[in-house]
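The values are calculated or read from the model by the stated rules, or taken from the named source; none is laboratory data. Every value quoted in this text rests on a predicted model; they were computed, and no experiment measured them. So basically every Cβ, Gly included, is an ideal-geometry build from the backbone, and we count neighbours across all protein chains shown. All accessible areas refer to the heavy atoms of the entire protein, side chains included, with ligands and DNA or RNA removed. Shrake-Rupley method; radii C 1.70, N 1.55, O 1.52, S 1.80 Å.
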Amino acid sequence: MQIIRHSEQTLKTALISKNPVLVSQYEKLDAGEQRLMNEAFQPASDLFGPITLHSPSDWITSHPEAPQDFEQFFSDPYRKTPSPNKRSIYIQSIGSLGNTRIISEEYIKWLTGYCKAYFYGLRVKLLEPVPVSVTRCSFRVNENTHNLQIHAGDILKFLKKKKPEDAFCVVGITMIDLYPRDSWNFVFGQASLTDGVGIFSFARYGSDFYSMHYKGKVKKLKKTSSSDYSIFDNYYIPEITSVLLLRSCKTLTHEIGHIFGLRHCQWLACLMQGSNHLEEADRRPLNLCPICLRKLQCAIGFSTVERYKALVRWIDDESSDTPGATPEHSREDNGNLPKPVEAFKEWKEWIIKCLTVLQK
Ligand SMILES: [Zn+2]
Ligand SMILES: [Zn+2]
């Protein structure tokens, strides 16, 4: 295992910069926010730690990229920022996300609520869910994994056409696997930063995708017509477990982070680290490091305390362990399924530690 350890000075410059305008902007932040962000360059910090590399196939080793510090983010001329009349993140689900209508609806509400807290201060709205057929996308059966896949670029075109006037971005989510072009095996997601649209698939986040017994395998496509989408009716959807919810929340916020102009993080362990495979994505934390947090705060303008409190509320609200929140007998009728947040518990403890530093 290799540890990427930067010097205190390097991290301090990446966070605060040496540009006098940005230094004075930093000094105007709330004292608690500065105290928390300064943890970035405290070697003994128990809140933020270095990036660790576990194998040569990890992102940083296999995809060398230029790092982006706060100043480079701030002065990027191509970066998109939400404006007063474009402050909404829209989420469009494509195909069913759960095995029943209620599970689909609840799951998308959990994701929406999470994004609302994560991008605190922006509106997060749902577009009416659509079946795959409405997008008119190309599709195929993957020759190696034998599962159904839809064409990511076609979906992006569909989302671009549907983008509402007040949208900062539109993100499509689906439980069907994606492919970017015929010669590629698959892709987890694809985005166009200039158009502010992205499509992300959670198909591979279920516990069984890579197992022998994966139930999403289909026999060869009897392709009578490229417009016959009936194969998607009742197609296999993985169970929405706590781990799947955590993985999808992570992917969604990482990818929306890119739409804000945040590049892959190479400073500290961070949500914005690149990941090359599922094991590496699982290792990456849910939180932003102070450098990426300052970038997001600069783009949105939230109070860090309020944002962390909203994230704690999301973990606590309507969760399966909130006593009395979901009476047993009425769960199915009122659609109030318990939110599976077990996998977020450790992170909640971390946020509470941050709130203590912020509110000293
Ligand atoms: Zn990324
Ligand atoms: Zn970061």
*asked:* What's the total number of residues in the range 240-269 that are over 28 Å from ILE103 (Cβ atoms) and within 11 Å of ligand 1 (Cβ to nearest atom)?
replied: 5
*asked:* Taking the criterion of being in a loop (DSSP other than H, G, I, E, B) and small (Gly, Ala, Ser), would at least one residue in the range 61-74 satisfy it?
replied: yes
_Considering only the range 272-280, I want to know if a residue exists there that is open to solvent by 10 Å² or more (accessible area, probe 1.4 Å) and assigned by the TED database to the domain that holds GLN68._
no
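To keep it simple, each residue is scored yes or no on (1) within 23 Å of CYS115 (Cα to Cα); (2) in contact (Cβ under 8 Å) with a residue 24 or more places away in the chain; (3) of a type in the set (D, E, K, R).
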position	(1), (2), (3)
THR61	no, no, no
GLN68	no, yes, no
TYR78	no, yes, no
GLN92	yes, yes, no
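Just to be sure, is THR224 at pLDDT below 95, under 30 Å from ASN85 (Cα atoms) and in a loop (DSSP other than H, G, I, E, B)? Walk me through how you get there before you give the answer.
On the way: at pLDDT below 95: yes; under 30 Å from ASN85 (Cα atoms): no; in a loop (DSSP other than H, G, I, E, B): yes.
Answer is no for this residue.
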*Does the range 227-241 hold any residues that are surrounded by fewer than 16 Cβ atoms within 10 Å (Cβ to Cβ), touching a residue at least 40 places away in the same chain (Cβ under 8 Å) and farther than 12 Å from ILE176 by Cβ, and which are they?*
SER227, GLU239, THR241
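Residue-by-condition table, conditions (1) touching a Pro at 6+ places or on another chain (Cβ under 8 Å); (2) at negative phi; (3) near ligand 2 (Cβ under 9 Å from one of its atoms):
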| site | (1), (2), (3) |
| --- | --- |
| ILE259 | no, yes, no |
| GLN266 | yes, yes, yes |
| GLN273 | no, yes, yes |
| LEU296 | no, yes, no |
